[in-house]
1. Could you say which residue among Gly93, Gly76 is assigned to a strand (DSSP E or B), modelled with pLDDT of 80 or more, under 21 Å from Ile138 (Cα atoms) and not aliphatic (A, V, I, L, M)?
2. May I ask you to verify whether Gly145 is assigned to a strand (DSSP E or B), within 14 Å of the chain's Cα centre (by Cα) and on the phi > 0 side of the Ramachandran plot?
3. From the list Tyr28, Tyr112, pick out the single residue that is within 23 Å of Phe161 (Cβ to Cβ) and crowded, with 16+ Cβ neighbours inside 10 Å.
4. Quickly run through region 43-69 and pick out the residues that are assigned to a loop (DSSP other than H, G, I, E, B), closer than 17 Å to Asp127 by Cα and either of a type outside the set (Val, Ile, Thr) or under 18 Å from the mean Cα position of the chain (by Cα) (or both).
5. Can you tell me which of Gly145, Gly164, Gly191 is modelled with pLDDT under 95 and not polar (S, T, N, Q)?
6. Would you point out the residue of region 129-142, among those that are more than 24 Å from Lys49 (Cβ to Cβ) and either among the aliphatic types (A, V, I, L, M) or loosely packed, with under 15 Cβ neighbours inside 10 Å (or both), that is modelled with the highest pLDDT?
7. Here's a check for you: in region 174-203, which residue that is among the aliphatic types (A, V, I, L, M) and not in a strand (DSSP E or B) is farthest from Lys142 (Cα to Cα)?
8. I'd like to verify a number: residues in region 148-163 that are surrounded by 20 or more Cβ atoms within 10 Å (Cβ to Cβ), within 15 Å of the chain's Cα centre (by Cα) and not polar (S, T, N, Q), how many?
Amino acid sequence: MKRVITLSIFFLIILTTPLFGQDAGILYGYNTSSGIIWKTFGNAKVQPKYEGEISKGKMNGLGVLTYPFDGKSVVGEWKAGKEWNTEHRKTDGTLLGMLKKGKWTLNWGDLYFRAGDTDWGWFVDGDENIDEKYEGEIKNGKPNGYGTSTFPNGTKYVGKFQHGKKHGQGTLSMTDGREYVGKYKDGEPDGQGVLTYADGEKYVGEYKNGKTWNGTLYNKRGNIVGTYVNGEEL
(Lines give C-alpha, C1' and ligand atoms only; values in the text may rest on other atoms or scores of the structure.)
Protein backbone atom coordinates (compact mmCIF):
# COMPACT_ATOMS: atom_id res chain seq x y z
CA MET A 1 0.00 0.00 0.00
CA LYS A 2 2.82 2.36 0.88
CA ARG A 3 4.43 1.59 -2.50
CA VAL A 4 1.22 2.52 -4.34
CA ILE A 5 0.91 5.81 -2.45
CA THR A 6 4.57 6.59 -3.12
CA LEU A 7 4.14 5.94 -6.85
CA SER A 8 0.99 8.09 -6.94
CA ILE A 9 2.82 11.00 -5.34
CA PHE A 10 5.73 10.51 -7.76
CA PHE A 11 3.46 10.69 -10.83
CA LEU A 12 1.59 13.68 -9.39
CA ILE A 13 4.89 15.56 -9.04
CA ILE A 14 5.86 14.64 -12.61
CA LEU A 15 2.53 15.83 -14.04
CA THR A 16 2.54 19.15 -12.18
CA THR A 17 6.20 20.05 -12.71
CA PRO A 18 7.31 22.01 -15.82
CA LEU A 19 9.42 20.20 -18.39
CA PHE A 20 13.15 19.96 -17.75
CA GLY A 21 14.76 23.38 -18.26
CA GLN A 22 11.39 25.13 -18.41
CA ASP A 23 10.03 27.29 -15.59
CA ALA A 24 7.13 29.64 -15.05
CA GLY A 25 7.99 33.29 -14.69
CA ILE A 26 7.54 36.89 -15.81
CA LEU A 27 9.30 38.84 -18.57
CA TYR A 28 9.08 42.51 -19.53
CA GLY A 29 9.62 43.91 -23.04
CA TYR A 30 12.22 46.58 -23.80
CA ASN A 31 12.49 48.35 -27.16
CA THR A 32 16.10 48.56 -28.32
CA SER A 33 17.86 49.53 -31.54
CA SER A 34 18.03 45.83 -32.45
CA GLY A 35 14.38 45.08 -31.61
CA ILE A 36 12.42 44.05 -28.53
CA ILE A 37 14.32 42.18 -25.83
CA TRP A 38 12.81 40.53 -22.77
CA LYS A 39 14.08 40.82 -19.19
CA THR A 40 12.93 39.52 -15.79
CA PHE A 41 12.63 43.06 -14.40
CA GLY A 42 10.37 45.91 -15.43
CA ASN A 43 7.10 47.74 -14.86
CA ALA A 44 3.83 46.40 -16.27
CA LYS A 45 2.32 49.91 -16.18
CA VAL A 46 4.58 51.07 -18.99
CA GLN A 47 5.89 47.87 -20.61
CA PRO A 48 4.54 44.72 -22.28
CA LYS A 49 4.41 41.93 -19.69
CA TYR A 50 4.63 38.19 -20.36
CA GLU A 51 3.61 35.71 -17.68
CA GLY A 52 3.99 32.03 -18.36
CA GLU A 53 6.45 29.28 -19.19
CA ILE A 54 10.04 30.26 -19.92
CA SER A 55 13.09 28.36 -21.17
CA LYS A 56 16.61 29.80 -21.42
CA GLY A 57 15.26 33.29 -20.77
CA LYS A 58 12.75 33.11 -23.61
CA MET A 59 9.00 32.60 -23.81
CA ASN A 60 8.55 28.90 -24.34
CA GLY A 61 5.28 27.12 -23.62
CA LEU A 62 1.95 28.52 -22.47
CA GLY A 63 1.61 32.13 -21.42
CA VAL A 64 -0.20 35.46 -21.49
CA LEU A 65 1.21 38.71 -22.91
CA THR A 66 -0.47 41.97 -21.92
CA TYR A 67 0.10 45.55 -23.09
CA PRO A 68 -0.11 48.54 -20.70
CA PHE A 69 -1.85 51.21 -22.76
CA ASP A 70 -4.32 49.71 -25.22
CA GLY A 71 -5.11 46.73 -22.99
CA LYS A 72 -4.51 44.20 -25.77
CA SER A 73 -3.71 40.66 -24.62
CA VAL A 74 -2.09 37.70 -26.35
CA VAL A 75 -2.88 34.23 -25.00
CA GLY A 76 -1.47 30.92 -26.13
CA GLU A 77 1.72 29.04 -26.89
CA TRP A 78 5.24 30.32 -27.61
CA LYS A 79 8.28 28.51 -29.01
CA ALA A 80 11.84 29.76 -28.47
CA GLY A 81 10.65 33.32 -27.85
CA LYS A 82 8.24 33.48 -30.79
CA GLU A 83 4.47 33.18 -30.92
CA TRP A 84 3.35 29.77 -32.12
CA ASN A 85 -0.36 29.24 -31.39
CA THR A 86 -1.87 32.44 -30.00
CA GLU A 87 -4.93 34.70 -30.02
CA HIS A 88 -4.82 38.51 -29.95
CA ARG A 89 -7.80 40.22 -28.31
CA LYS A 90 -8.90 43.70 -27.25
CA THR A 91 -10.04 44.37 -23.69
CA ASP A 92 -13.66 43.86 -24.77
CA GLY A 93 -12.82 40.39 -26.11
CA THR A 94 -12.79 41.35 -29.80
CA LEU A 95 -10.53 38.97 -31.71
CA LEU A 96 -7.79 40.93 -33.52
CA GLY A 97 -5.79 38.04 -34.92
CA MET A 98 -4.59 34.47 -34.52
CA LEU A 99 -1.36 32.62 -35.16
CA LYS A 100 -1.28 28.90 -35.96
CA LYS A 101 2.16 27.28 -36.05
CA GLY A 102 3.71 30.73 -36.19
CA LYS A 103 1.61 32.06 -39.09
CA TRP A 104 -1.38 34.40 -39.19
CA THR A 105 -4.64 32.64 -39.97
CA LEU A 106 -6.93 35.68 -39.89
CA ASN A 107 -7.06 38.31 -42.64
CA TRP A 108 -7.51 41.30 -40.33
CA GLY A 109 -5.53 42.60 -37.37
CA ASP A 110 -2.73 44.82 -36.01
CA LEU A 111 0.92 44.76 -37.07
CA TYR A 112 3.98 46.84 -36.17
CA PHE A 113 6.90 47.71 -38.43
CA ARG A 114 10.10 47.52 -36.40
CA ALA A 115 13.54 45.96 -36.11
CA GLY A 116 13.58 42.22 -35.49
CA ASP A 117 16.38 39.85 -34.52
CA THR A 118 18.02 40.11 -37.96
CA ASP A 119 16.15 42.70 -40.03
CA TRP A 120 13.28 45.18 -40.15
CA GLY A 121 9.81 43.84 -40.84
CA TRP A 122 6.20 43.47 -39.73
CA PHE A 123 5.55 41.91 -36.30
CA VAL A 124 2.46 41.21 -34.20
CA ASP A 125 4.01 42.96 -31.19
CA GLY A 126 5.43 46.44 -30.94
CA ASP A 127 5.07 49.90 -29.44
CA GLU A 128 2.95 52.45 -31.31
CA ASN A 129 4.89 55.24 -29.56
CA ILE A 130 8.03 54.38 -31.55
CA ASP A 131 6.89 51.95 -34.27
CA GLU A 132 4.69 52.31 -37.32
CA LYS A 133 1.34 50.64 -36.50
CA TYR A 134 -0.90 49.04 -39.11
CA GLU A 135 -4.52 47.99 -38.72
CA GLY A 136 -6.28 46.28 -41.58
CA GLU A 137 -6.24 43.33 -43.96
CA ILE A 138 -3.33 40.90 -43.62
CA LYS A 139 -1.91 38.15 -45.79
CA ASN A 140 1.11 36.00 -44.95
CA GLY A 141 1.87 38.18 -41.93
CA LYS A 142 2.03 41.44 -43.93
CA PRO A 143 -0.39 44.28 -44.73
CA ASN A 144 -2.27 43.28 -47.85
CA GLY A 145 -5.50 44.90 -48.95
CA TYR A 146 -7.14 47.88 -47.28
CA GLY A 147 -5.79 49.33 -44.03
CA THR A 148 -4.52 52.24 -41.96
CA SER A 149 -0.90 52.88 -41.11
CA THR A 150 -0.06 55.37 -38.34
CA PHE A 151 3.41 56.68 -37.55
CA PRO A 152 4.61 57.83 -34.10
CA ASN A 153 4.80 61.48 -35.27
CA GLY A 154 1.12 61.44 -36.25
CA THR A 155 1.47 60.95 -40.01
CA LYS A 156 -1.25 58.61 -41.28
CA TYR A 157 -1.82 56.61 -44.45
CA VAL A 158 -5.23 55.17 -45.35
CA GLY A 159 -5.55 53.00 -48.41
CA LYS A 160 -4.35 49.92 -50.25
CA PHE A 161 -1.36 47.72 -49.44
CA GLN A 162 0.33 44.84 -51.21
CA HIS A 163 3.01 42.54 -49.77
CA GLY A 164 3.56 44.90 -46.82
CA LYS A 165 3.93 48.11 -48.87
CA LYS A 166 1.60 50.93 -49.90
CA HIS A 167 0.29 49.91 -53.30
CA GLY A 168 -2.78 51.24 -55.10
CA GLN A 169 -5.00 54.17 -54.17
CA GLY A 170 -4.30 55.88 -50.86
CA THR A 171 -4.23 59.08 -48.81
CA LEU A 172 -1.19 60.21 -46.82
CA SER A 173 -1.85 62.96 -44.26
CA MET A 174 1.31 64.55 -42.84
CA THR A 175 1.77 66.53 -39.65
CA ASP A 176 3.10 69.61 -41.48
CA GLY A 177 -0.27 70.04 -43.20
CA ARG A 178 0.55 68.37 -46.53
CA GLU A 179 -1.78 65.71 -47.93
CA TYR A 180 -1.21 63.38 -50.86
CA VAL A 181 -4.13 61.61 -52.52
CA GLY A 182 -3.34 59.25 -55.36
CA LYS A 183 -1.65 56.10 -56.57
CA TYR A 184 1.17 54.19 -54.90
CA LYS A 185 3.50 51.48 -56.17
CA ASP A 186 5.91 49.49 -53.97
CA GLY A 187 5.57 52.01 -51.15
CA GLU A 188 6.10 55.20 -53.21
CA PRO A 189 3.72 57.62 -54.98
CA ASP A 190 3.56 56.38 -58.57
CA GLY A 191 0.87 57.30 -61.08
CA GLN A 192 -1.73 60.06 -60.91
CA GLY A 193 -1.97 62.02 -57.67
CA VAL A 194 -2.60 65.34 -55.97
CA LEU A 195 -0.31 66.85 -53.34
CA THR A 196 -1.83 69.73 -51.38
CA TYR A 197 0.38 71.95 -49.21
CA ALA A 198 -0.59 73.66 -45.97
CA ASP A 199 -0.57 77.09 -47.67
CA GLY A 200 -3.05 75.93 -50.32
CA GLU A 201 -0.53 75.36 -53.12
CA LYS A 202 -1.22 72.17 -55.06
CA TYR A 203 0.56 69.81 -57.44
CA VAL A 204 -1.71 67.84 -59.79
CA GLY A 205 -0.36 65.20 -62.12
CA GLU A 206 1.86 62.17 -62.45
CA TYR A 207 4.39 60.74 -60.00
CA LYS A 208 7.16 58.28 -60.76
CA ASN A 209 9.13 56.40 -58.10
CA GLY A 210 8.03 58.91 -55.47
CA LYS A 211 8.94 62.02 -57.48
CA THR A 212 6.84 64.61 -59.32
CA TRP A 213 7.05 63.67 -63.00
CA ASN A 214 4.49 65.18 -65.41
CA GLY A 215 2.15 67.67 -63.80
CA THR A 216 1.14 71.20 -62.92
CA LEU A 217 1.72 73.30 -59.80
CA TYR A 218 -1.05 75.71 -58.75
CA ASN A 219 -1.09 78.43 -56.10
CA LYS A 220 -3.95 78.77 -53.62
CA ARG A 221 -5.88 80.97 -56.09
CA GLY A 222 -5.76 78.25 -58.73
CA ASN A 223 -3.22 80.00 -60.95
CA ILE A 224 -0.51 77.94 -62.64
CA VAL A 225 2.90 78.65 -61.09
CA GLY A 226 4.91 75.70 -62.35
CA THR A 227 5.03 72.77 -64.77
CA TYR A 228 6.89 69.46 -64.56
CA VAL A 229 7.90 67.37 -67.57
CA ASN A 230 9.74 64.06 -67.09
CA GLY A 231 10.68 65.10 -63.57
CA GLU A 232 12.10 68.49 -64.53
CA GLU A 233 10.48 71.80 -63.58
CA LEU A 234 10.15 74.14 -66.55
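1. Going through Gly93, Gly76 in turn, the sole match is Gly76.
2. Spelling it out, it is not the case that Gly145 is assigned to a strand (DSSP E or B), within 14 Å of the chain's Cα centre (by Cα) and on the phi > 0 side of the Ramachandran plot.
3. Among Tyr28, Tyr112, only Tyr112 is within 23 Å of Phe161 (Cβ to Cβ) and crowded, with 16+ Cβ neighbours inside 10 Å.
4. Correct list: Asn43, Ala44, Lys45, Gln47, Pro48, Tyr67, Pro68, Phe69.
5. Going through Gly145, Gly164, Gly191 in turn, the sole match is Gly145.
6. In this case the residue turns out to be Ile138.
7. Result: Ala198.
8. The qualifying residues number 2.
The values are calculated or read from the model by the stated rules, or taken from the named source; none is laboratory data. Quick caveat: nothing in here was measured; it's all calculated off a predicted structure. Ideal geometry is used to build each Cβ from the backbone, glycine not excepted, and the neighbour counts take in all protein chains shown.
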